[in-house]
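What follows draws every value from the coordinates through simple rules; no lab data is involved. On a predicted model such as this, the values are computed, not experimentally measured, just so you know. Methodologically, a virtual Cβ is constructed for each residue, glycine included, from the backbone with ideal geometry; neighbour enumeration extends over all protein chains shown.
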Amino acid sequence: MTAVKLTLDRLTKQYRAGLAPAVDRLDMEVEEGHLVALLGPSGCGKTTTLRMVAGLMDPTAGRIVVDGRDITATPVHERGMGMVFQSYALFPHMDVAANVAFGLQMRRVAKSKQTELVRNALDMVKLGHLASRHPKELSGGQQQRVALARALVVEPTLLLLDEPLSNLDAKLRETMRTEIRSIQRRTGATTLFVTHDQDEALDMADRIAVMNGGLIEQFGTPADIYERPRTRFVADFIGRANLFEASVAAASGTGSKGETVYRIDVPGIGTSEAIGEAGLEGSQRTVLVRPHRVQVELGAQPGGLTGTIENVSYTGDALGYSIRLGDVLLQVERHTADGTIPARGEQATVRWAAEDAYVLPEEVRAP
Amino acid sequence: MTASAPAPFKKRVDGGAMAFRVIVALSYLFLLAPLLIVVVIAFSSNQYLSFPPEGFTLRWFAELPQQAGFMQGLQTSLITASAATLIVLVIGVSAALALDRYDVPGKAALSSFFLSPLLVPTIVIALGLVLVLGPLGLTNTYESIVLGHIGITLPYVVRTTLMSLATSDTSCEEAARVLGANAFTVFRRVTLPIIRPGVIAGGVIAFIVSFDEAVISLFVAESGRPTLPVQILRYVEYSADAAVAALSVVLIVFSAVVVVVVERLMGLKRTLA
Ligand SMILES: Nc1ncnc2c1ncn2[C@@H]1O[C@H](COP(=O)(O)OP(=O)(O)O)[C@@H](O)[C@H]1O
Ligand SMILES: [Mg+2]
């Protein structure tokens, strides 16, 4: 049994009357010790949500509950949060040690204890040797670590990170991902992590909240989000996806994890199989097939869907095909195992195991 | 001019550049000539203010401490300029903070209100002050001078502070709040240190402007609390020796030293740019 650390209850922010809300009746529960990613495209309300939790912004409606206590009206400096800003926001006139000690001073921790805690925090982010530097004498990655140490040294109620990796170069970003994650695990700090980068979210998070237009489209584990997206938006936003409409016919069995296996009819192309939630028979739904889950054979073969290769891209490790099946241009990705590279215009047959195609529970949205 | 004859086109450009330089040099000369003449006269042994000098001496400088009027004026000016500067810093920094960091209604109107004394002739302000303070019996006091000088120096402090605020990152203040600092602590520990160059620049300018101001001081406190500029005016009315030129040199050096020291310490130029 794990405890719920943070509850957002119909949390809403409307910047101006008449404007669509930036965050719209958000419900979410975060378990103690979890790292939750708020993931979504720019402008979907991630930062707004984070700032309301921090107390830097008042919600228009809704409640924020931490450890069972409603903190919606608690002023920011009494919330005990730890936050890392996108710009790091280190105090330029203080050295690294003073930056990290600031929160401890505010809590009136004894001087000697402060020194010890600051040293531990800087050791944790591997910056013990730079304690007397000023922020402008540090690289982006080092500033980032100072910001992290400053937020964690106070043992915050929640650790809030707003796109902490977006100002780092690609290589450093990878390293910091692992590092932030391992520090977060060690300290056990319940963390909200804002990002627009799906790889980052999949890699780091225990749970992902996919946001779109101020709403949470789906809240779940990275595997859930990737394998069992509830909406077309989520399927499309996370990873590469083939999405096409199909008529869901009768259930034909049960999958290995208890899902229903359906026969599906893709208009003008043919029939195949896919899994999905129970009760979708007879409906029009969007079907998701990931490019690397499609098997492909050259030529017209029985028992699959046959189409024409429109494009081939060879990247060394992988071979990508675009295969035309009626109205659908199916993206396929295979390892380059057998060495043959098919030509454009050739016929090819695709098929997939029922478990590799997923019928989205969301009804087809009117175009 | 040892090189072979330059191309005609290039020659014309050089001619233009030369003319430009001459004009700039003449303009500077025009602006600085009075200063130069004052400096020369300060060291001149002529009995009366006149040019050119017949010889050179330091006696005008040696006489300065004996001029009771100057010394008293200096004291009044130092007291009023310091008081005006301190008060205007408190008001100006608060106003700038409110204008930049908070959603105050009528922001644009307020901002032009704070900067407006720059546009009103000082003599109008002086006249207004006399008309208001006179009936209240408040003329010829330190307070009357300070009040007038607060009015004319406020725009400088608001300006320089606003500039510092505009270039500073508000997320530092937010970071401090999240870390547990209340509004006052955020200001003292984070905002103020970050905008310090602008505040100091504003303070220095306010002090110099107040110290130098003659019109308001003349109107509101000529008989009771004459400031140094007022004493200088009086002096040249009744005497015509070079002591006043020596005093001017001292004041020029004093202002220059203040500006240079602050520039060295804070980068005044950067905060004004
Ligand atoms: N201070 C503000 N005033 C008005 N609208 C804002 C403000 N901040 C953000 N918004 C709007 O709210 C929406 C969500 O913004 P934000 O939370 O910053 O998105 P994200 O962090 O996901 O990119 C955007 O449409 C943005 O334009
Ligand atoms: Mg954002």
> Put +1 on the Cβ of each Lys and Arg and -1 on the Cβ of each Asp and Glu in chain B; which of B:Thr170, B:Phe51, B:Val244 then has its Cα farthest toward the positive end of the dipole?
Replying inline: B:Thr170
> How much FRET efficiency would the formula 1/(1 + (r/R0)^6) give for A:Ser247 and A:Asn167, where r is the Cβ-Cβ distance and R0 is 41 Å, rounded to 0.05?
Replying inline: 0.30
>> So for region B:67-272, averaging the separation of alpha carbon pairs under 8 Å that are six or more residues apart and normalising by length, what relative contact order in percent results?
In response: 34
> So for the pair B:Leu192, A:Val65, with labels modelled 7 Å out along Cα→Cβ, what separation do we get in nm?
Replying inline: 4.2
>> Over the Cα atoms of chain B, each weighted equally, I'd like the Debye log10 I(q)/I(0) at q = 0.15 Å⁻¹, rounded to two decimals.
In response: -1.15
> Just from its helices, what would the mean residue ellipticity at 222 nm be for chain A, if runs of 4 or more DSSP H residues each count -39500 (n - 2.57) and the sum is divided by every residue, rounded to the nearest 500 deg cm²/dmol?
Replying inline: -7000 deg cm²/dmol
> Taking a ≥ b ≥ c as the square roots of the eigenvalues of the Cα gyration tensor of region A:196-251, is the shape rounded (a/c under 1.5), prolate (a/b larger than b/c) or oblate?
Replying inline: prolate
> Given charges of +1 on the Cβ of Lys and Arg and -1 on the Cβ of Asp and Glu, with all other atoms neutral, how large is the dipole of region B:67-272 about its Cα centre, in debye to the nearest 20?
Replying inline: 480
> Where the centroid of each part is defined by its Cα atoms, how far is region B:206-245 from region A:256-335 in Å?
Replying inline: 93
>> Along the Cα→Cβ direction, 7 angstrom out, place labels at A:Glu277 and B:Val24. What is the inter-label distance in nm?
In response: 7.5
> Can you list the HN-Hα couplings for region A:38-49, worked out from phi with the Karplus curve (6.51, -1.76, 1.60; θ = phi - 60°), rounded to whole Hz and with x for Gly and Pro?
Replying inline: 9, 10, x, x, 4, x, 8, x, 5, 4, 4, 4
> Is region B:1-155 best put as rounded, prolate or oblate by its Cα gyration tensor, with a ≥ b ≥ c the root eigenvalues, rounded for a/c under 1.5, and otherwise prolate when a/b is larger than b/c, oblate when not?
Replying inline: oblate
> Going by how many other beta carbons lie within 10 Å of each one, how would you line up A:Ser252, B:Ser217, fewest first?
Replying inline: A:Ser252, B:Ser217
> How many partner chain Cβ atoms sit within 10 Å of a residue's Cβ in peptide A:154-161, on average, as a whole number?
Replying inline: 1
>> Can you tell me the mean projection area, over all orientations, of the convex hull of chain A's alpha carbons? Units nm², please.
In response: 22.8
>> Quick check: residue separation of B:Gln75 and B:Thr57 times 0.36 nm, minus the Cα distance between them. What number comes out in nm?
In response: 3.8 nm
> Between A:Glu346 and residues 5 or more places away or on another chain, which pairs have amide H atoms under 5 Å apart, with H built 1.01 Å from N, and which residues are they?
Replying inline: A:Ile309
> Based on the Kirkwood radius over alpha-carbon pairs, what is the Stokes-Einstein translational diffusion coefficient of region A:283-332 at 37 °C with 0.692 mPa s viscosity, in µm²/s?
Replying inline: 271
>> Taking the beta-carbon count within 10 Å as an exposure proxy, list B:Phe56, B:Phe207 from fewest neighbours to most.
In response: B:Phe56, B:Phe207
> Among A:Lys5/A:Lys171; A:Lys13/B:Lys107; A:Lys111/A:Lys136; A:Lys46/A:Lys136, which pairs are too far apart, with a Cα-Cα distance over 31 Å?
Replying inline: A:Lys5/A:Lys171
>> With only alpha-carbon atoms in the gyration tensor, what are the semi-axes of the equivalent ellipsoid for the protein assembly as shown, in Å, largest first?
In response: 73, 32, 23
> Which of A:Leu11, A:Gly279, A:His93 sits closest to the plus end of the dipole of chain A, meaning its Cα is farthest towards the positive end, when Lys and Arg get +1 and Asp and Glu get -1 on the C-beta?
Replying inline: A:His93
> Which of the peptides A:312-321, B:146-155, A:218-227, B:234-243 is most tightly packed, and how do the rest follow, going by the mean number of other Cβ atoms within 10 Å of each residue?
Replying inline: B:146-155, A:218-227, B:234-243, A:312-321
>> Show log10 I(q)/I(0) for region B:148-273 at q = 0.19, 0.22 Å⁻¹, two decimals, from a solvent-free Debye sum over equal Cα scatterers.
In response: -1.05, -1.20
> In terms of the ratio Rg/(2.2 N^0.38 Å) built on C-alpha atoms, what value belongs to region A:174-305?
Replying inline: 1.29
> Roughly how large, in nm² to one decimal, is the mean projection of the convex hull of the alpha-carbon atoms in region A:37-192?
Replying inline: 9.8
>> I want to verify a result. In a Gaussian network model of chain A, Cα cutoff 10 Å, which of these has the top mean-square fluctuation: A:Arg285, A:Arg119, A:Arg344?
In response: A:Arg344
> For peptide A:166-172, how many partner chain Cβ atoms fall within 10 Å of a residue's Cβ, on average?
Replying inline: 0
> Considering every residue in B:167-176, what mean count of other chain Cβ atoms within 10 Å of its Cβ is obtained?
Replying inline: 6
> Across the Cα atoms of region B:7-59, what radius of gyration and what greatest pairwise Cα-Cα distance (Dmax) are found, in Å?
Replying inline: 18.7, 58
> Which residues' amide hydrogens lie under 5 Å from the amide hydrogen of A:Val23, considering only partners 5 or more residues apart or on another chain, with H built in the peptide plane?
Replying inline: A:Lys13
> Once phi is turned into θ = phi - 60°, what whole-Hz ³J(HN,Hα) does the Karplus curve with 6.51, -1.76 and 1.60 give for every residue of region B:196-208, x standing for Gly and Pro?
Replying inline: 3, x, x, 5, 5, 4, x, x, 5, 5, 4, 4, 5
>> Could you sort the peptides B:131-140, A:147-156 by per-residue average Cβ neighbour count (10 Å cutoff), highest mean leading?
In response: A:147-156, B:131-140
>> Per-residue counts of other Cβ atoms within 10 Å, averaged by peptide: what ranking do you get for A:237-245, B:104-112, B:174-182, A:78-86, highest first?
In response: B:174-182, A:78-86, A:237-245, B:104-112
>> Quick check: from the Cα gyration tensor, does region A:117-189 come out rounded (a/c under 1.5), prolate or oblate?
In response: oblate
